[in-house]
1. Suppose we filter the stretch 58-88 for residues that are of a type in the set (A, V, I, L, M, F, W, C) and open to solvent by 10 Å² or more (accessible area, probe 1.4 Å); how many remain?
2. If I ask for residues that are part of a loop (DSSP other than H, G, I, E, B) and touching a residue at least 24 places away in the same chain (Cβ under 8 Å), which ones from the stretch 36-52 would you list?
3. Check residue 91 against each of (1) away from the ligand (no atom under 16 Å from the Cβ); (2) under 30 Å from residue 8 (Cβ atoms); (3) surrounded by 17 or more Cβ atoms within 10 Å (Cβ to Cβ) and name the one condition it does not meet.
4. Could you count how many residues in the stretch 1-57 are open to solvent by 10 Å² or more (accessible area, probe 1.4 Å), small (Gly, Ala, Ser) and closer than 21 Å to residue 88 by Cβ?
5. Select the strands (runs of 3 or more DSSP E) contained entirely in the stretch 64-179, then report the ones holding at least 1 residues which are within 21 Å of residue 294 (Cα to Cα).
6. Between a residue in the stretch 16-35 that is outside any strand (DSSP E or B) and any residue that is of a type in the set (D, E, K, R), which pairs come within a Cβ distance under 6 Å, given they are 6 or more apart or on different chains?
7. Of all residues being open to solvent by 20 Å² or more (accessible area, probe 1.4 Å) and of a type in the set (Gly, Ala, Ser) in the stretch 95-125, which is nearest to the ligand (Cβ to nearest atom)? Just the residue, please.
Amino acid sequence: MKAVLFHNHGGPEVLEYSDYPTPDPMPGHVQVRLRAAALNRADLWVREGWPGLKLDYPHIPGADGAGEVSSLGEGVSDLKIGDRVVINSSISCGACSLCLDGMDNLCRDWHLLGETIRGTYAEYVVIPAINLLPLPDTMDYEEAAAASLVFHTAWHSLITRGRLEADESVLVIGASGGVNTASIQVAKYIGAKVYVVGSSPEKLALAESLGADVLIDRSQEDNWSKAVFLATERQGVDVVVDNVGAGTMPLSLRTTRKGGRILTVGNTGGAKFEIDNRYIFGKHLSVLGSTMGTHTDFATVMELIFDGKLKPVIDRQYPLKEAAAAQERLAAGEQMGKITLAI
Ligand code: ZN
């Protein structure tokens, strides 16, 4: 099969469009002929590497994907060859106590597809059958691939972890990235009032088109925590979605109202920063972290995607062999929504 792979860490130049043996499905697994993949920031971090990350080279990146079932492993009976499917990239063992309790994203042997195991920048991928969801005829592969990781992540963070309710206020830090555009939509779907801090008028216009109620342009308004404070009758918001980290978390702590929650699923701006702990205990704040979501979260949120109630924002599509250019666009941070690959 054709795949985009790399043999050592580095910049986009380490990505090669090359041949790789087509994987066969193990028992309980399914081989999928991929038609679309989508990029995530994790793809860049895996390519660049971090201390302790050990990959079985050559590595194929990519978490998001959709395509057709092309071969069934032993024991798989609920799917058939030709079924159109989307991939849940949160891979768990299915047997530990956390998996059996429905908290499979806390699995003791958890993997993200494309991070520690070979992913979706390829013509074929092998995946546990439980990680596939059938696609309705109305849903195309690109939209399904673009939606899956970011909406799964946003749903688990805001709903399962954050317990967001209709009469609450939510501040989303960042207007145009994949998880943020998904978070804005999930919060609006629940009925919350949504505030967004964005870095440019163009990105805020996108947030507004997704239903955001209050827009704050941080290129004009350096101290956005004060702007939120003034917009909320000096109370702050119930929930802050901060997936930036360094540079924003100190202000996020100030912007959250007493008893509020801060949700985080990542740190695009950097992982290490100083925290003024007085905000956490003095305001009874809860900081709730999570990664990906459960199988139940995936089925729930994808149903809303299939019904058109939530919709992925797609920036641009590249052919698979131009994955390096696609990653460069993601790294530059100019994209509005998801960057996808046609396979
Ligand atoms: Zn497990």
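The values are calculated or read from the model by the stated rules, or taken from the named source; none is laboratory data. The structure presented is a predicted model; accordingly, all values stated were derived computationally and were not measured. Ideal geometry is used to build each Cβ from the backbone, glycine not excepted, and the neighbour counts take in all protein chains shown. These accessible areas exclude ligands, DNA and RNA; they are computed on the full protein's heavy atoms, side chains included. Shrake-Rupley method; radii C 1.70, N 1.55, O 1.52, S 1.80 Å.
1. Within the stretch 58-88, residues that are of a type in the set (A, V, I, L, M, F, W, C) and open to solvent by 10 Å² or more (accessible area, probe 1.4 Å) number 4.
2. 39, 40, 49
3. That leaves (1) as the condition not met.
4. 2
5. Counting at least 1 such residues, we get 64-72, 84-87, 124-128, 132-134.
6. These pairs meet every condition: 27/74.
7. This residue is 95.
Residue by residue, here is whether (1) in the same structural domain as residue 37 (by TED's automatic domain parsing); (2) over 15 Å from the mean Cα position of the chain (by Cα); (3) of a type outside the set (Lys, Arg) holds:
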| residue | (1), (2), (3) |
| --- | --- |
| 118 | yes, yes, no |
| 140 | yes, yes, yes |
| 156 | no, no, yes |
| 177 | no, no, yes |
| 181 | no, no, yes |
| 188 | no, yes, no |
| 191 | no, yes, yes |
| 203 | no, yes, no |
